[in-house]
Amino acid sequence: MTAEEFIPFNLKSTVKNGEIKWASPSNIALVKYWGKKEHQIPENQSISFTLSDCKTITKLKYEAKTKTTNSFDFQVYLDGERKPDFEPKIEVFFNRIQQYFPFLKTLKFTIETENTFPHSSGIASSASGMSALALCLMSIEKQLNPEITESYFNKKASFIARLGSGSACRSIQGDLVVWGAHNEIENSSDLYGVKYPYQVHDNFKNYQDTILLVDKGEKQVSSTVGHNLMHGHPFAKQRFKQANNNISEIKNILKSGDLKAFIALVESEALTLHAMMMTSMPYFILMKPNTLEIINKIWSFRKATNLNICFTLDAGANVHILYPEKEKEQILEFIKTQLVAYCQNGHYICDTVGLGAKKM
Ligand code: DP6
C-alpha cells in the first residue's frame with residue numbers, strides 16, 4: 001500500500017459527539033529501530049514483542065465544533081490532570097495526520113490518558129500512548145465508514161501511530177510485529193507494522209519480560225535526537241545492513257526455537273544500539289553503572305545455571321530481562337534476590353508478551 005491509499009475518500013456522514021476508549025500496550029524491540037528518514041520512515045527493519053500489562057488507556061471524547069475553524073481543538077489530561085506540556089507534541093502529530101482524517105478540524109477533542117506503569121518510570125510511553133490515540137481516531141473513521149475491514153483498520157492504525165512515534169506502529173497487534181520492508185517478510189512495509197506471519201516455536205510462547213527500573217529520571221537525549229544522529233554516522237550503513245541480516249536470522253530462530261541463538265542476537269542488538277549512541281557525534285551514554293552491574297550479573301548467572309535468561313535495552317538505562325515461561329520460577333527468584341538491589345527504589349515490573357491493543 002502507499003500512504004495515499006490511507007486518505008479516505010468516501011466518508012459519507014459526519015460525527016456529532018461521543019467517546020471512545022482503547023488500551024494499547026508498549027512493545028520491546030528484539031531488532032532495534034534506530035535511524036529514520038523523513039516522514040518517520042525507518043532506516044532499518046525492526047521486530048518486537050508486544051507486551052501485555054505495560055499499557056496506555058486513552059479515552060477520546062469528541063464533539064462537533066459549532067463553527068469550523070482552521071485549527072485543532074483539543075486538551076490533554078494525564079490521570080485526570082490537564083497537561084498543557086503534552087499539547088505541542090499532539091499538535092505536531094495532528095498536523096502530520098490531518099490529511100488522513102478529514103474530520104480532525106471539525107471536532108473538539110478531550111484526550112484522557114493513563115498509563116498502567118508508573119509515570120516517570122523511564123518506560124517509554126510514546127509507543128503505547130501514540131498507538132492508543134491512533135486507535136481512538138480510527139474508531140471515529142470506522143463510525144463514518146463502517147465498511148472498512150479489520151485488516152485495513154489495523155494497518156491504518158499502525159500507519160497513523162507511526163506518524164506519532166515510530167515504535168508505536170508495532171503496538172497495535174501482537175505478539176510479534178515487524179516494521180520495515182524486508183524481502184523475506186511477506187507484506188512487510190516501511191509504512192506500518194505487520195503481525196509476524198510465520199511459524200513461531202513454542203519456546204517463545206508467553207515469553208516473559210521483567211523490566212528493571214534502573215533510572216526513572218528524564219533521559220538526557222531523546223530518541224528523536226538519537227535517531228537524527230544516525231545521519232552521517234560513520235557506522236550507519238553497516239548497522240542498517242546488520243539489522244536487515246538480523247531479521248533474516250531471527251526468522252530462523254523463531255522457527256527452530258534455538259534459545260541460545262536468540263540470546264546472542266537480542267543482546268548483540270541491545271549493545272549495538274548503545275554502541276551507535278556512544279559513537280555518534282555528539283556522543284552520549286544512556287546506560288548507568290547499575291545497567292552494567294545487572295548485565296554482568298545476568299551473564300554470570302547464565303553461565304552458572306545454563307538458563308535462557310538474556311537482556312535487552314531501549315534508549316535508556318532500564319534493563320528488560322527476557323526469558324521463557326518455563327524458566328520463570330528460577331529466574332524470578334534470581335531477579336528478586338540479586339538484581340532488585342540495582343533498581344531505583346527496588347522497582348521492577350513483570351510483564352508477558354501479549355496480543356495487542358484492545359477496545360474498551
Ligand atoms: C530504542 O519510536 O521512541 O526504542 O520515532 O522518534 O518517536 P520516534 O522514536 P521512538 O524510538 C524508539 C527506539 C528504540 C528501539 C525500538 O523500539 O525499536
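If only the Cβ of Lys and Arg carry +1 and only the Cβ of Asp and Glu carry -1, the dipole of segment 202-301 around its Cα centre is close to 220 debye. If the segment from Glu81 to Glu4 were pulled out straight at 0.36 nm per residue, it would be longer than the present Cα-Cα gap by 24.0 nm. Reported value for segment 50-91: 127 Å³ per residue, from the convex hull of its C-alpha atoms.
Given a cut-off of 28 Å, name the pairs among Lys37/Lys297; Lys36/Lys61; Lys251/Lys359; Lys216/Lys297; Lys21/Lys255 whose C-alpha atoms lie farther apart than that in the structure shown.
Lys37/Lys297; Lys36/Lys61; Lys251/Lys359; Lys21/Lys255
At a probe radius of 1.4 angstrom, the accessible area of the chain per residue rounds to 45 square angstrom.
Solvent-accessible surface of protein heavy atoms, probed at 1.4 angstrom with all chains present, puts Arg162, Arg302, Arg82 in the order Arg82, Arg302, Arg162, largest first.
Dipole check for the chain: with +1 at the C-beta of Lys and Arg, -1 at the C-beta of Asp and Glu, and the Cα centre as origin, the magnitude is about 440 Debye. Straight-distance candidates among the aspartates and glutamates for linking to Lys105, with alpha-carbon spacing under 16 Å and chain neighbours fewer than 8 residues away dropped: Glu63, Asp73, Glu87, Glu91, Glu141. Straight-line cross-link reach from Lys32 at under 17 Å between alpha-carbon atoms covers these aspartates and glutamates, not counting any fewer than eight positions away in the same chain: Glu43, Asp175, Asp190, Asp209, Glu249, Glu267, Glu269, Asp314. On the basis of the beta-carbon distance and an R0 of 56 Å, Lys328 and Val15 show a calculated FRET efficiency of 0.80. Calculate the FRET efficiency for Met360 and Thr337 from the Cβ-Cβ distance with a Förster distance of 45 Å, rounded to the nearest 0.05. Calculated value: 0.75. Enclosing the Cα atoms of segment 299-351 in their convex hull gives a volume equal to 87 cubic angstrom per residue.
Checking the Cα-Cα distances for Lys59/Lys83; Lys205/Lys336; Lys142/Lys358; Lys108/Lys195 against a 25 Å cut-off, the pairs over it are Lys108/Lys195.
Projected label points at Thr66 and Asp202, each 7 Å from Cα along the beta carbon direction, are separated by 6.4 nanometres.
Extension gain for Thr305-Asn145 works out to 52.0 nm (0.36 nm per residue, less the C-alpha to C-alpha distance).
Extents of segment 1-141, taken as max minus min of Cα coordinates on every principal axis and listed largest first, are 46, 38, 24 Å.
Let me make sure I get this right: for segment 199-318, a, b and c are the square roots of the gyration tensor eigenvalues over alpha carbons, sorted descending. Under 1.5 in a/c it's rounded, otherwise prolate if a/b > b/c, else oblate. Which is it? Intermediate values should be presented prior to the final figure.
Details: a/c = 2.16, a/b = 1.30, b/c = 1.66.
Verdict is oblate for segment 199-318.
Place +1 on the Cβ of every Lys and Arg and -1 on the Cβ of every Asp and Glu in the chain, take the dipole about the Cα centre, and give the residue among Tyr196, Ile335, Phe6 whose Cα lies farthest towards its positive end. Of the candidates, Phe6 comes out farthest on the positive side. As I understand it, the dipole of the chain uses +1 on the Cβ of Lys and Arg and -1 on the Cβ of Asp and Glu, about the Cα centre. Which of Met230, Ser71, Cys310 lies farthest toward its positive end? Ranked along the dipole, the leading option is Ser71.
What part of the accessible area of the chain, given as a whole %, is carbon or sulfur when the probe is 1.4 angstrom?
50
Once you order the gyration tensor axes a ≥ b ≥ c over the Cα atoms, which shape class does segment 161-224 get: rounded for a/c under 1.5, otherwise prolate or oblate by comparing a/b with b/c?
It comes out oblate by the Cα gyration axes.
Within segment 165-202, whose backbone N sits under 11 Å from a point 7 Å along Cα→Cβ of Arg96? The answer is 165-169. For segment 67-219, the Cβ-based charge dipole about the Cα centre amounts to some 420 debye (Lys, Arg positive; Asp, Glu negative; other atoms uncharged).
The values are calculated or read from the model by the stated rules, or taken from the named source; none is laboratory data. Predicted, not measured: the structure shown is a model, and the values here were computed from it. Cβ atoms come from the backbone with ideal geometry, glycine included; neighbour counts cover every protein chain shown. We work out accessible area using only protein heavy atoms, side chains counted, and drop any ligands, DNA or RNA first. Shrake-Rupley method; radii C 1.70, N 1.55, O 1.52, S 1.80 Å.
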